[in-house]
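Let me begin by presenting the structure, written as structure tokens, before commenting on it.
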Amino acid sequence: MVDTLRDGSLLYLDGVSVTFDGFRALNSLSLVVQRDELQAIIGPNGAGKTTMMDIITGKTRPDTGEVFFEGGIDLTKKDETEIANLGIGRKFQKPTVFGSHTVWDNIELSLKKPRGVFASWFYTRDSADTDRITAILDTVRLTHRKHEFAANLSHGQKQWLEIGMLLAQDPKLLLVDEPVAGMTDSETEETSKLLKEISKHHSVVVVEHDMSFVRDLDCRVTCLAEGAVLAQGSLEHVSSDPLVIERYLGR
Ligand SMILES: Nc1ncnc2c1ncn2[C@@H]1O[C@H](COP(=O)(O)OP(=O)(O)OP(=O)(O)O)[C@@H](O)[C@H]1O
Ligand SMILES: [Mg+2]
């Protein structure tokens, strides 16, 4: 039964615990992400949301527990580079774009390409690359700014550009931590649409505190607290759970 759940999943965490200086940041966390699923993660400060992403991406090792990708790949045995190359892309809260390059070049520089010095010496952009860059710019709402230096974008547009740079790597799973913090209301609305579009062809896990944004995502919601799942299901279901109200929403 449990194995069937793991085999069919894109990401499978079971019984994951991690302790920092005696503090249990994750406490037997179990969570599944399906292929092409959009899932929102909510929960109070210190619940372990970012730590969960650190575990998935290999930045932090669990003390105990299983972390499997695509059913059979044991992520606890891989380092950060290997995990990125398997197709797990992560967006941190602070955008890290190349400010002195154009929007177009930022995407082009991020394209998944053969690595190594020789490969990059002989790289020439072909029409397939141009089509991909064009499509990604369209998805992240930056076509009209493609010749602009990335430094001149608004905060929200920089976040979108970074999402575009992740898409250029064609990840199977995107992990996005608090994407709409600091965005304007209209940028926030656009971001929910954008992530919904992306999740048609990629799995996306979004951590957010902004509940109207989470409502717009219209997806499965998991509420973490004290390093474990407190409630899971539709936003209606989760937000009416007495424990979720007591430990998060009602605060
Ligand atoms: N590398 C680390 N070393 C020590 N303690 C850590 C480390 N990473 C996280 N913690 C602690 O683990 C707990 C969980 O933190 P985490 O950042 O995962 O919470 P979060 O759910 O992302 O919270 P927020 O909503 O505030 O971003 C916190 O108490 C934090 O201080
Ligand atoms: Mg966090």
ask   = Counting DSSP beta bridges in the chain, what percent are antiparallel, to the nearest 5?
value = 55 percent
key: Placed amide H near SER9: partners under 5 Å, 5+ positions off or other chain   = GLY71
Accessible surface of the range 52-93, 1.4 Å probe, proportion on carbon and sulfur as whole % = 46 percent
ask   = How large is ³J(HN,Hα) for each residue in the range 6-18, as worked out from phi by the Karplus curve 6.51 cos²θ - 1.76 cosθ + 1.60 (θ = phi - 60°), to whole Hz, x for Gly and Pro?
value = 5, 4, x, 8, 8, 9, 9, 10, 9, x, 7, 10, 8
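Nothing charged except the Cβ atoms of Lys and Arg (+1) and of Asp and Glu (-1): what's the magnitude of the dipole of the chain about its Cα centre? Round to the nearest 20 debye.
Taking the Cα centre of the chain as origin, the dipole is about 440 debye.
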Accessible area (Å², per residue) of the range 1-150, counting only protein heavy atoms and a probe of 1.4 Å = 53 Å²
message = Can you tally the lysine pairs in the chain where the Cα-Cα distance is under 18 Å and the two residues are eight or more apart, or on different chains?
response = 20
Hydrodynamic radius of the range 71-220 per Kirkwood, over alpha carbon pairs, in Å = 16.2 Å
remark   = Of all C-alpha pairs within the range 147-218, those more than 21 angstrom apart amount in percent to 22 percent
task = Report, in debye and to the nearest 20, how large the dipole of the range 1-143 comes out about its Cα centre when Lys and Arg carry +1 and Asp and Glu carry -1 on their Cβ.
result = 400 debye
request  = Calculate what fraction, in whole %, of the accessible area of the range 135-251 sits on carbon and sulfur atoms when a 1.4 Å probe is rolled over the protein chains.
outcome  = 49 percent
message = Give the residue list of trypsin sites (Lys or Arg not before Pro) in the range 36-116 that are DSSP loop and have at most 16 other beta-carbon atoms within 10 angstrom.
response = LYS59, LYS112, ARG115
key: Using distinct alpha-carbon pairs, which all enter the 1/r mean, Kirkwood radius of the chain in Å   = 19.0 Å
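The values are calculated or read from the model by the stated rules, or taken from the named source; none is laboratory data. Owing to the predicted nature of the structure, the values given are computational and were not obtained by experimental measurement. Counting neighbours? That spans all protein chains shown, and the Cβs are built from the backbone with ideal geometry, glycine included. Calculation scope for accessible area: heavy atoms of the full protein, side chains included, ligands and nucleic acids excluded. Shrake-Rupley method; radii C 1.70, N 1.55, O 1.52, S 1.80 Å.
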